[in-house]
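Here the structure comes first, spelled out in structure tokens, and everything after it is commentary.
The values are calculated or read from the model by the stated rules, or taken from the named source; none is laboratory data. On a predicted model such as this, the values are computed, not experimentally measured, just so you know. Heads up, the Cβs are rebuilt from the backbone with ideal geometry, glycines too, and the neighbour counts pull from every protein chain shown. Note: accessible area is taken over every heavy atom of the protein model, side chains too, but ligands, DNA and RNA are not part of it. Shrake-Rupley method; radii C 1.70, N 1.55, O 1.52, S 1.80 Å.
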Number of protein chains: 2
Amino acid sequence: MCDVKRDEFLQLLPEIRDRIQDCDFVAIDTEFTGLCLSEACQPSLFDTPQERYRKLRQTVGSFIVCQVGVSVFKKDMKYNRFDVWSYNFHLFPQSFANLDVRFSCQASSFEFLCQHNFDFNKFVYEGVPYLDQEQEKLLRKHLDQTSWPASGGNQQDQVQLCCSTVSQWLSNGSGTELNLPAPKGPVRFLIHRALRTRFPEVWTYDTADSQIIVRKVSQEKRKEEEEKDDLADRALEYMLGFTHVLRTLTQARKPVVGHNMLMDLMLLYGKMYKPLPEKYAQFKRDLHQLFPCIYDTKHIAAELKKPLAEFGVLQSSVLQDLYDALSSHKGKFMVLHSPAIVPAAECDRYINESHPHEAGYDSYMAGYVFIRMAHLITMQGISKQQPVPPRFRRYLEVLRRFQDKVNVIRASIDHICLSGEDPVSRRPQWLYVTLTQSRAARTINSAQIAEQFSAYGSVDIQPLDANHFLVAAHSFYCAKDILRAYRSHKLIHVTYYNMWKHSRTVQALLWTSIGVSVLGIAWTFLGKNS
Amino acid sequence: MCDVKRDEFLQLLPEIRDRIQDCDFVAIDTEFTGLCLSEACQPSLFDTPQERYRKLRQTVGSFIVCQVGVSVFKKDMKYNRFDVWSYNFHLFPQSFANLDVRFSCQASSFEFLCQHNFDFNKFVYEGVPYLDQEQEKLLRKHLDQTSWPASGGNQQDQVQLCCSTVSQWLSNGSGTELNLPAPKGPVRFLIHRALRTRFPEVWTYDTADSQIIVRKVSQEKRKEEEEKDDLADRALEYMLGFTHVLRTLTQARKPVVGHNMLMDLMLLYGKMYKPLPEKYAQFKRDLHQLFPCIYDTKHIAAELKKPLAEFGVLQSSVLQDLYDALSSHKGKFMVLHSPAIVPAAECDRYINESHPHEAGYDSYMAGYVFIRMAHLITMQGISKQQPVPPRFRRYLEVLRRFQDKVNVIRASIDHICLSGEDPVSRRPQWLYVTLTQSRAARTINSAQIAEQFSAYGSVDIQPLDANHFLVAAHSFYCAKDILRAYRSHKLIHVTYYNMWKHSRTVQALLWTSIGVSVLGIAWTFLGKNS
């Protein structure tokens, strides 16, 4: 089954667990309710890794995951084939007793999901629940109580209705069994518990369909049932939902693949593990412990641009473009021993149809692209006489230098490293813009400079004061083109930024230290002469 | 049409405006994405009107309206009949250029909507936009610029794609016209503007279907088109969306009816007028200016409980119960001249089907219940010889004392008054709980007291310290029953709260003033004697 619905999740869970434990690697993707909490959280080419983490942490704290894709890849050496099981989960933080999540949504993000046919009804009506460790603890404490007071008026009303029905039935004294219609999920657990607590002469059972059986029982039978009562465990199991999958994933310690996956990783951490730590370094350590082997296909594609271009398939690091290129006839067969990549029968709509930005499909594409890129690079320079196709392990050896490196968009660095030092910036030096003292220049603001400069490529602007601006350009070409274009501009003067010359702090420090030096010299001189 | 979709809204607007301007009264209802922002915002029997306003203001600031129902009632004297036009609008804050709303949702509120078959796809895909005054100003400023930079990456991408297509078409030089597929709504305006700004040799036109025509034009033609260009006005008109309806409503100054409508009113004010003011008094003044004549059917039903019970139809102030009772054969025909209430042909699904918590249906029910109650009370005591049915105006005269009084749930008062002083509390005196000094009492907390006391009715608890608690009870019966039940309890001692005896602040003041008096007396005494 590709789409995993709320009601069938727990049934499917053992299969998903087995597949993950038995696989070569897992590819993931998420869709979420918002991308950016406020103007202040917008990504900027000035961002250091710490700064970017701080922005994303705020964003992840407010929005939620509405869909997760998990594609499990397993190599069958005999047929030189990868089998793929893709699961597409809608997620929704169902309320239960004292848990009632508030989450934010961003209008433009919902519209983005609309463009890709996202089904908001599946999200709310069918979404699988999940808990982080704090929520789990809170719920556990609640479930340890004898009675489970429902906090929301809504669930309380439904429970109350059932209690009244049973109370009436008992006082009528008719029959030994009563069938109550009861929705699946949280409310059903609450109804079971409320009836069992309130009416000591009955016990409650689930039917195969959507009902609860209330049965009059003897005191001995009741005691017996109470002893084997596992309602609290089942409620917790239900509410943990997708968190089970994440835990299986972290326990299995399999390589995890994604495309441009920093936000995905932060969301999974923040929503199903624990609140994101304040310190970036702590986050990196924790995440590396959770997922000790990560590959980001956007980073790999960007790094391998040159060698991959030699195969003539790649011009872009956009996931869909990569997939289209690498799943074309040429992409599949231009090198020896290209493995087949075959979705399981249940997921075959991913073979014949394109579903971009459906998390299940995106995770499938990421895994697909990962295998194709790994194979291309592994086979590069290997003679045609190579008798057998490489094992999956070999791919990991070849791609080792990309391990734990996660792509970062529009920042001072283009990736971070989860298991070591982050790289130094490979962006061009900042530009330093000075507006001339003329009246015409006085009306120019940073938005206008940004608009003018963006004709040469991506830029971000930081105003220093009314007349001075810092500009971070995306590429060396862009920076050079701007310098060239404004070489003899009448109002806008552009140079490379020079810390010694342009930073007021440095200049202040410099003058202070010169002053101190002069004083020091004078002192020495005077001392010697006195 | 009952359901008003995004694409047909502006077409339907003139009809809606005419009906509102021509009607006797309008009934409204809203559904929203959350009910309560946090634990601290939960309604409590301790709440004063100011305190409740403060809580609701926080809530309204975060959540949004996802559906509004507007039912327009018009009396046809000739047939003693009310004609009703009900409109059910899904609302969604579409993003446009620099507007990109973030809003909160509450899990349990979404689940409540699920129980009533709310269609989340209609909400996001079909929701009509709306703006408050601040957003309108911001957008107007944006639209006054020559170019309209799209802020969201998403809209920008779509605009960029169209620009590239046109650029290619122009450089190919083929034909004088190009048809571009373009989605309706905000992006289409952005595409028009981008193409017109970037390519001075063309002008753009809308087709009847989902396309934009790009046509090569002469300089004269271009100038002519520029002069009559109303793109910015049309974009603003589109984005104002449902706000047009609200403005029509406030300008028409017709009586507005709702059921338990405080949150509805605050949401309409906060989302389509301006941010809710900090001061409660200011809010009341503003709201009364917007809607000078308001009737809340929950308040009326609660106040008329006795006289209405004489007719034997009413036991509850729940909207659906009221509607069921008053639309029964008995409810309709037990008094003389009962008017017919007839939904327009387009809305006839509201006659034969029940759609509780669909805003359109709830607004229809509220209006229906309003007429039936008003008629019952108007005809009370009027002899059977009364020759003609009363006019609508007469209803308003009879119900005058309920005008501008809005129901408040679970607070110290049961309603507020928008056009005057709020009423004094009609709740029982607070109870004062003291735990005895025994070891067994030490483990009792406020949650446990709340649970025990709630067997006697609705209560709220405020802990004063580990051993003392204030209790606000919903009714006099409840307070008395608690006092009686705990008269000789071993651990929990309950009395009525006595400010002079129990308030520490008052006691401290009292002792201070006694001290001051004693000193004063001593001083006087000493003065006299010295």
Practice task
Would you check if B:C162 is among the hydrophobic types (A, V, I, L, M, F, W, C) and surrounded by fewer than 21 Cβ atoms within 10 Å (Cβ to Cβ)?
Solution key: no
Handout entry: Extreme residue, most open to solvent (accessible area, probe 1.4 Å), among residues of region B:239-255 that are within 20 Å of B:L138 (Cα to Cα) and not aromatic (F, W, Y)
Key = B:R247
Exercise for the section: Can you tell me which residue within region A:119-142, out of those that are aromatic (F, W, Y) and out of contact with any His (no Cβ under 7 Å at 6 or more places or on another chain), is nearest to A:A232 (Cα to Cα)? Expected result: A:Y130
Exercise for the section: Counting only residues that are surrounded by fewer than 22 Cβ atoms within 10 Å (Cβ to Cβ), give me the strands (runs of 3 or more DSSP E) lying completely in region A:395-437 with at least 3 of them. Expected result: A:431-435
Fill in the blank from the handout: Of the residues in region A:41-63, those that are under 15 Å from the mean Cα position of the chain (by Cα), open to solvent by less than 20 Å² (accessible area, probe 1.4 Å) and more than 12 Å from every other protein chain (Cβ to nearest Cβ) come to A:R52, A:Y53, A:K55, A:V60
Practice task
Test B:D209 against the criterion of being of a type in the set (D, E, K, R), open to solvent by less than 80 Å² (accessible area, probe 1.4 Å) and either over 30 Å from B:Y269 (Cα atoms) or at pLDDT 95 or above (or both), and give yes or no.
Solution key: no
Practice task
Inspect region A:172-183 for any residue being among the charged types (D, E, K, R) and either within 14 Å of chain B (Cβ to nearest Cβ) or buried (at least 18 other Cβ atoms within 10 Å of the Cβ) (or both) and give the result as yes or no.
Solution key: no
Completion exercise
A:H489 vs (1) in a helix (DSSP H, G or I); (2) open to solvent by less than 80 Å² (accessible area, probe 1.4 Å): all pass except (1)
Handout entry: Subset tally (residues that are without any contact (Cβ under 8 Å) to a residue 40 or more places away in the chain, more than 30 Å from A:A182 (Cβ to Cβ) and open to solvent by 70 Å² or more (accessible area, probe 1.4 Å)) for region A:1-40
Key = 3
Handout entry: Unique match (being open to solvent by 10 Å² or more (accessible area, probe 1.4 Å), away from chain B (no Cβ under 14 Å) and either in contact with a strand residue (DSSP E or B) (Cβ under 6 Å, 6 or more places away or on another chain) or free of Cβ contacts under 8 Å to residues at least 60 places away in the same chain (or both)) among A:W85, A:W148
Key = A:W85
Exercise for the section: Answer yes or no as to whether B:K279 is under 30 Å from B:H90 (Cβ atoms), out of contact with any Lys or Arg (no Cβ under 6 Å at 6 or more places or on another chain) and at pLDDT 95 or above. Expected result: no
Problem - Residue within region A:412-428 that is in contact (Cβ under 8 Å) with a residue 24 or more places away in the chain, in contact with a Phe, Trp or Tyr (Cβ under 7 Å, 6 or more places away or on another chain) and under 30 Å from A:F46 (Cβ atoms) present - result: yes
Exercise for the section: Those residues that are hydrophobic (A, V, I, L, M, F, W, C), away from chain B (no Cβ under 14 Å) and open to solvent by 50 Å² or more (accessible area, probe 1.4 Å), I need them from region A:449-478; list them, please. Expected result: A:L464, A:A466, A:F476
Exercise for the section: Go through the residues of region A:330-340 one by one and say whether even a single one is buried (at least 18 other Cβ atoms within 10 Å of the Cβ) and under 28 Å from A:V65 (Cα atoms). Expected result: no
Completion exercise
Here the residues within region B:123-145 that are surrounded by fewer than 19 Cβ atoms within 10 Å (Cβ to Cβ) and part of a loop (DSSP other than H, G, I, E, B) are B:D132, B:D144, B:Q145
Completion exercise
All-but-one check, A:R442 against (1) under 14 Å from A:A472 (Cα atoms); (2) of a type in the set (K, R); (3) outside the structural domain of A:K298 (by TED's automatic domain parsing), failing number (1)
Problem - Odd one out for A:Q155 among (1) more than 30 Å from A:E177 (Cα to Cα); (2) facing another protein chain (nearest Cβ under 10 Å); (3) of a type outside the set (K, R) - result: (1)
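This table checks each residue for (1) in a helix (DSSP H, G or I); (2) of a type outside the set (V, I, T); (3) at pLDDT below 95.
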position	(1), (2), (3)
B:Q160	yes, yes, yes
B:S164	yes, yes, yes
B:G175	no, yes, yes
B:D229	no, yes, yes
B:E237	yes, yes, no
B:T248	yes, no, no
B:M263	yes, yes, no
B:G270	yes, yes, no
Handout entry: Enumeration of residues in region A:257-300 that are open to solvent by 10 Å² or more (accessible area, probe 1.4 Å), of a type in the set (G, A, S) and in contact with a helix residue (DSSP H, G or I) (Cβ under 8 Å, 6 or more places away or on another chain)
Key = A:G270
Practice task
From the list A:R439, A:R400, pick out the single residue that is among the basic types (K, R) and over 30 Å from A:M334 (Cβ atoms).
Solution key: A:R439
Practice task
Output the number of residues of region B:352-362 satisfying the condition of being within 13 Å of B:S71 (Cβ to Cβ), outside any loop (DSSP other than H, G, I, E, B) and open to solvent by 30 Å² or more (accessible area, probe 1.4 Å).
Solution key: 0
Problem - Of all residues in region B:93-122 being more than 7 Å from every other protein chain (Cβ to nearest Cβ) and open to solvent by less than 40 Å² (accessible area, probe 1.4 Å), the one that is farthest from the chain's Cα centre (by Cα) - result: B:A97
